[in-house]
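Each value in this text was obtained by applying a stated rule to the coordinates, not by laboratory testing. The structure presented is a predicted model; accordingly, all values stated were derived computationally and were not measured. Cβ atoms come from the backbone with ideal geometry, glycine included; neighbour counts cover every protein chain shown.
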Amino acid sequence: MNEELVRIEHLTTSFRIGDDYYAAVDDVSLTVRKNEILAIVGESGSGKSALAFSIMGLHTRARIEGSIFYGGQDIAHLPPSKLNRLRGNELGMIFQDPLSALNPLMVVGSQIDEVILLHHPKRSAKERKRSVIDLLEKVGIPRPEHTYGLFPHELSGGMRQRIVIAIAIANEPKLLIADEPTTALDVTIQLQILELIKRLKEDSGAGVVLITHDLGVVAEMADRVAVMYAGQIVEIADIYTLLSDARHPYTRSLLQSIPSAGAAKSKLHVIQGIVPSLQHLPRQGCRFRGRIPWIDEAAHEEQPTMHEIAPGHFVRCTCHKNFRFPNRKEEGARLAIT
Amino acid sequence: MWKTTARRMTIMVPQIVLLSILVFLLAKAMPGDALTGLLDPSIDPAALDEQRERLGLNNPWYVQYWDWAVKALHGDFGQSFRFKMPVSDLIGQRMTNTVWLSLLTLALTYLIAIPLGIISGRYHDTWADRAITGYTYLGFAAPLFIFALILLWVFGFHLGWFPTEGSVAPGTASGSLAYVMSKIYHILLPALSMALITTVTTVQYLRSEIIDTKQKDFIITARAKGASESRVYNRHILRNSLLPIAAFFGYEITGLIGGTVFIESIFSYPGMGQLFLSSISLRDFSVVTALVLLYGAASILGALLSDTILSFVDPRIRIK
Amino acid sequence: MPLLEVQDLKVHFPVRGGIFNRKLRSIKAVDGIRLAIEQGRTYGLVGESGSGKTTTGRAIIGLHPITSGTVLFEGQPIFGDGLRGHAGFRKDIQMIFQDPYSSLNPKKRVLDIVAEPLRNFEKLSAREEKRRVEQLLEQVGLSPETIHKYPHQFSGGQRQRIGIARAIALKPKLIIADEPVSALDVSVQAQVLNFLQEIQERLQLTYLFISHDLGIIRHMCDHIGIMYKGRYVEQGTTADIFENPQHIYTKRLITAIPDMDPSKRERLRQFRLAVKTEYEQAYDRYFDADGLAYPLRPVSATHLAALPEERG
């Protein structure tokens, strides 16, 4: 259970804007273990998807620094030919929008077939077809023989996502990365897809990295959670700790801002200000500083680092100590914006 | 798919009828009629009128149109007053030349467009792409007839590499190998000069299709499967980008019609286009009418062809 | 008298095909919806994609032609089987759209976007207009200096506020909000939801709130209607729906809401499985031969559900 699968060390992924590089993922260190679901939570611009793409080596125009250790080698800087032996084979990925993730001009069966062919070129067409049908069955698609020859637009959103999942798990990957796998889907379908991912993980013992903005999904799925803000991880904990004893002000604010069953019609918590854009990130000091202005500057570390406050529970910066929300009244009166 | 094609074909019928009415009315609006050029001007006006009555030229326009349309359906477009022969025979002679010229132009167009478009799209923002894009802008800007004249002057007159007129060397026996070679030799320069200009649209189109497809999410899926860059290009990007180009094929025909009119005149190539221009300047209206009708029908057929190809290659359209 | 009353609303779209493009059949996007909203209340319309909830909202405001049925606004018909009665409704009913990125014209300044409804209905001098727009922006919590900026210079939440400023410019009585926060991040979502509640109190607004997110619906709404394939399966107060769901479809929808307590996972899984089994077994009883819901029958004074006959 606790066996390490992937170890990310000081990973920095930067994109070029104008003449400069800006880090979307900034010095992230993280491990993914076998047979666990690690959720990476954050809002848009937090760098969570950029992190997922970095692990898969899918950035074409980014500068990658640091290391991603998998199976004894650093895959962050592998030549394409070696990386291609891992991708689709030992590393599988599920995408957010199943319609655009599938080639519109290819029947879905061939799209699954392709990933098997790429990694098992010696298998006969007949064997591969058999595997594809089995996979379609495994991901819960009715009438697999018939579905094989359908085009993506002939399937519903939930069915398409099952095809994307079939592609990702075709070669029984050891690491499965799911990038917002249910954001484009209806609630009941979301549930089915999440159940499917969980079941596949349990059957194969793979490590799963689940990228999401939805704390509800996290609560349902994750074993451990990493919370990202502005390119950095601000808190890591197991799911129970995170939901009952979150420490970082950002994590606490996020948890406060979702509507809950008990408090209908009451005011939701609002985080002041907005997420700064990539070019305007404060690179010095605590990045969340500007959004909790009522906290004394001295509460922040000058160069915030991750502190292990309990075994397996890491929090960035010191501002979480003595953190409190401001008076509710005072906050609701003036909406903090611009 | 057959439904789509059948529907398109039913739409085509009224299109062609409408076209023929327009062409007919335009021809009617031209000064003079079939007798004006045919007869001696000193003839008695009463006799002329009698002739007109006999030929039905005094009937209301829709009766005349009906007679004309029925004849046209049987291939009878009347007489050319200049060549003193049936229009259909005249066009028949020229059509073969134009068809060969068009086919070679089409082939050259794609031979140039596909590699250039692929290089430009795949390596976009490199010097190669900039050079190709520069060429396409030049092609868009340069009028076809000036470009063709320059080629004719440089390679035809100045360097003397190619013949400057006709479709075959005089005196070669029809059917012999020398005849075929001479034919090819004669259409090479006109076809190339037309292809070099008309290809730029396709180059640009293919380039932007590739750049567009490159950024699609399913390309990321393909990379995540572990496909090599070359496979990503061949299997996913090129295939998906070339299909719309294939569908564009029918519309190329429309473009060719405009092109051959100029090219044939410049290279004095005896085809339909040259016939068209010279007939206009000599007011040989029965020929002009027949040619306009033919060109119009070809354009409509081209559009039909495009739609059919599109419904054939794109499954998303096929279903509807 | 309810502010908005919808009676037996039907919106059918023709499906054309064949060689001559004849009408083959029609899609019953909305098929007999009744609802009533009291002034100052929030009515939630819930359903999955294809349920017809968005079409219902759009039909009320006149963006889709109504096939049959009546929409009464302040007791007067606004579209009675295609006839127009109430002329002022265009001012009184406004809409907020889902996607703040595509519902604002990128080439227009904030001033022009927010002033657009004013220009259509009120003749104001340029100076008055500017002052009104500045006031409106202040009301939605944007600084008045942003008046000359373009939509792309704002964040998602701010853009949605611009959309809201435009919607409240004419002091409407009813706002139809179609998935107003589903394109936004959690924290921004909270901002917009709070703000919608705030202006509701201040301006005495009535909301028709369309969403697929039951968590948000529960947070915002007094009454809820659950749609499935163009028909209602259940309607009632928020408490009726969440605490005493009657229809198997509603139950399934509610159990699918993610739960924030990870220790309940296994129990929840069992429960969902039981509901799913019940759903599959009872499907034929709860839906007719075409897979559509039966007519609503009363469960209590406020609560209606599309229950099969033999139960009633």
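The overall shape of segment A:1-80 is oblate: from the C-alpha gyration tensor, with semi-axes ordered a ≥ b ≥ c, the ratio a/c is 1.5 or greater and a/b is no larger than b/c. Neighbour counts of C-beta atoms inside 10 Å place B:TYR62, B:TYR269 in the sequence B:TYR62, B:TYR269, starting with the fewest. Sparse packing (at most 11 other Cβ atoms within 10 Å of the Cβ) combined with a DSSP loop state is found for the following trypsin sites (Lys or Arg not before Pro) in segment C:93-164: C:LYS107, C:LYS123. Neighbouring Cβ atoms from other chains, within 10 Å of the Cβ of residues in C:253-259, number 6 on average. Taking the Cβ-Cβ separation of B:GLU229 and A:ARG283 as r and a Förster radius of 25 Å, what is the calculated FRET efficiency to the nearest 0.05? Working from the Cβ atoms, E equals 0.15. When the square roots of the Cα gyration tensor eigenvalues are ordered a ≥ b ≥ c, the ratio a/c for chain C is 1.5 or more and a/b exceeds b/c, which makes its shape prolate.
With θ taken as phi - 60° and the Karplus curve 6.51 cos²θ - 1.76 cosθ + 1.60 applied, the whole-hertz 3J(HN,Hα) list for segment A:238-245 is 6, 4, 5, 4, 4, 7, 9, 9 Hz, x standing for glycine and proline. Sorting B:199-205, B:141-147 by average packing, meaning the other beta carbons within 10 Å per residue, from highest down gives B:199-205, B:141-147. Over chain B, with a Gaussian network built from C-alpha contacts below 10 Å, which listed residue (B:LEU189, B:LEU104, B:LEU57) shows the highest mean-square fluctuation? Among B:LEU189, B:LEU104, B:LEU57, the largest GNM mean-square fluctuation belongs to B:LEU57. Largest GNM mean-square fluctuation across A:ILE177, A:ILE133, A:ILE94, computed for chain A with C-alpha springs under 10 Å, falls on A:ILE133. Counts of other chain beta carbons within 10 angstrom of each beta carbon in peptide A:85-97 average 3.
Nearest 5 percent is fine: what portion of the DSSP beta bridges confined to chain A is antiparallel? Counting DSSP beta bridges with both partners in chain A, the antiparallel share is about 65 percent. Backbone amide hydrogens, once placed in the peptide plane, bring A:VAL25 within less than 5 Å of A:THR13, excluding anything fewer than 5 places away on its chain.
Extents of segment B:265-307, largest first, come to 37, 24, 11 Å (Cα atoms, principal axes, whole angstrom).
Distance check, please: which entries in A:LYS267/C:LYS28; A:LYS198/B:LYS225; C:LYS53/C:LYS171; A:LYS82/B:LYS216; B:LYS3/C:LYS28; A:LYS267/C:LYS171 exceed 27 angstrom between their Cα atoms?
Numbers: A:LYS267/C:LYS28 38 Å; A:LYS198/B:LYS225 21 Å; C:LYS53/C:LYS171 25 Å; A:LYS82/B:LYS216 24 Å; B:LYS3/C:LYS28 25 Å; A:LYS267/C:LYS171 24 Å.
Too far apart for the 27 Å limit: A:LYS267/C:LYS28.
For chain C, DSSP calls about 65 percent of its internal beta bridges antiparallel.
Using a simple spin-label model with pseudo-atoms 7 Å out from Cα toward Cβ, B:THR10 and C:TYR279 lie 4.2 nm apart. In whole percents, the pair-distance distribution calculated for segment B:91-272 from its alpha-carbon pairs, binned every 10 Å from zero, is 9, 31, 28, 18, 10, 3, 0.
With the convex hull constructed from alpha-carbon coordinates only, chain A shows a mean projected area of 19.3 nm² over all directions. Using only alpha-carbon positions in the protein assembly as shown, the gyration tensor eigenvalues give semi-axes of 63, 39, 29 Å once each is multiplied by 5 and square-rooted (largest first). Averaged over the residues of A:43-49, the number of partner chain Cβ atoms lying within 10 Å of the residue Cβ comes to 2. Would you please give the FRET efficiency between A:LYS34 and A:GLN73, computed as 1/(1 + (r/R0)^6) with r the Cβ-Cβ distance and R0 = 22 Å, to the nearest 0.05? My answer for the efficiency is 0.80.
Volume of the convex hull of segment A:101-170 (Cα atoms only), normalised per residue: 77 Å³. A simple rule links phi to the HN-Hα coupling: the Karplus curve 6.51 cos²θ - 1.76 cosθ + 1.60 with θ = phi - 60°, which for segment C:51-62 gives 7, x, 5, 5, 4, 4, x, 5, 5, 4, 8, x Hz, with x for Gly and Pro. Multiplying the residue separation of B:LYS3 and B:ASN59 by 0.36 nm and removing their Cα-Cα distance gives an extension gain of 16.0 nm.
Helix-only arithmetic for chain B: the sum of -39500 (n - 2.57) across DSSP H runs with n ≥ 4, divided by the residue total, places the mean residue ellipticity at 222 nm at -25000 deg cm²/dmol.
Computed 3J(HN,Hα) for segment C:96-105, one whole-Hz value per residue from the Karplus formula 6.51 cos²θ - 1.76 cosθ + 1.60 where θ = phi - 60°, is 10, 9, 5, 9, x, 7, 10, 8, 10, 5, glycine and proline marked x. In this label model, B:GLU165 and C:GLN153 are separated by 6.7 nm, measuring between points 7 Å along each Cα→Cβ vector. From least to most packed, judged by other beta carbons within 10 angstrom and beginning with the fewest, B:ASP314, C:ASP112 follow the order C:ASP112, B:ASP314. Need one number: % antiparallel among DSSP beta bridges in the protein assembly as shown, to the nearest 5. Bridges in the protein assembly as shown that DSSP calls antiparallel: roughly 65 percent. Can you classify chain B as rounded, prolate or oblate using the Cα gyration tensor, where a ≥ b ≥ c are the square roots of its eigenvalues, rounded means a/c under 1.5, and otherwise it's prolate if a/b beats b/c and oblate if not? Verdict is oblate for chain B.
Once the Cβ-Cβ distance of C:ARG34 and C:PHE121 is raised to the sixth power relative to R0 = 30 Å, the FRET efficiency obtained is 0.50. Each label was represented as a point 7 Å from its Cα along the Cα-to-Cβ direction; for B:ALA246 and A:SER266 these points are 6.3 nm apart.
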